[in-house]
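Reading through the structure tokens given below for one structure.
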Amino acid sequence: MTRIRPAIEADSEALAEIYNQGIEDRIATFEADRRTVDERRHWLAQHDRRHPVLVAEEAGEVVGWASLSSYSQRQCYSGVGEFSVYVRRDLRAKGLGTKLVRSIIEEADGLGYWKIMSRIFTFNEASRRLCSKMGFREVGILEKHGKLDGEWIDVVEVERLIPRNLT
């Protein structure tokens, strides 16, 4: 059974391991350098109640995480959040991403966000399907958004409105 809960400092090693798998696989982030446990500990400490990090735990082991970050420092965008989701490589395509995205949407709703968004590599079909299933719409393609291993990568921007918070 999967338990979704707020991340704590003791999760930093698992957060680093899972993110490093995403970095190695070259399908979800422009980051190219592996992250250390200390870096993930510092990253986690930067996330406050308004910008939560959630973990998926199975049998007491962290197997995935999702985070909500600020889209912009400008006040007019205070209700727009940017989310990320990473699942341990051997457990992908087993429903954990769905549980994490659902949970981060619920957190965003409770925190008053009116929109959450992300950018996905155009070739990351699994993430695109997940976001579509969870009610995100593809807004458009951002061409040559960044380089990874010397190659330009296009991304698709996705967004999901949270109607209750649009009033």
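The values are calculated or read from the model by the stated rules, or taken from the named source; none is laboratory data. These figures come from a predicted structure and were not determined experimentally. Cβ sites come from the backbone with ideal geometry, for glycine too, and all protein chains shown count toward neighbours. Only protein heavy atoms, including side chains, enter the accessible area calculation; ligands, DNA and RNA are left aside. Shrake-Rupley method; radii C 1.70, N 1.55, O 1.52, S 1.80 Å.
Remarks
- Residue within segment 119-128 that is small (Gly, Ala, Ser) and in contact with a helix residue (DSSP H, G or I) (Cβ under 7 Å, 6 or more places away or on another chain) present: no
- Check on Gly95, at pLDDT below 95, open to solvent by less than 60 Å² (accessible area, probe 1.4 Å) and not hydroxyl-bearing (Ser, Thr, Tyr): yes
- Inclusion of Glu107 among residues that are touching a Pro at 6+ places or on another chain (Cβ under 7 Å), open to solvent by 40 Å² or more (accessible area, probe 1.4 Å), free of Cβ contacts under 8 Å to residues at least 60 places away in the same chain and of a type in the set (D, E, K, R) is warranted.
- Looking only at segment 41-70, and only at residues there that are among the small types (Gly, Ala, Ser) and more than 10 Å from Val85 (Cα to Cα), the one that is least open to solvent (accessible area, probe 1.4 Å): Ala56
- Options Leu142, Leu130: the member that is open to solvent by 30 Å² or more (accessible area, probe 1.4 Å) and either more than 21 Å from Tyr86 (Cα to Cα) or charged (D, E, K, R) (or both): Leu142
- Segment 1-21: number of residues that are at pLDDT below 95 and either of a type in the set (Ser, Thr, Tyr) or within 16 Å of Ser67 (Cα to Cα) (or both): 1
- Leading residue by the ranking (nearest to Leu111 (Cα to Cα)) among those in segment 1-22 that are out of contact with any strand residue (DSSP E or B) (no Cβ under 9 Å at 6 or more places or on another chain) and buried (at least 17 other Cβ atoms within 10 Å of the Cβ): Ser12
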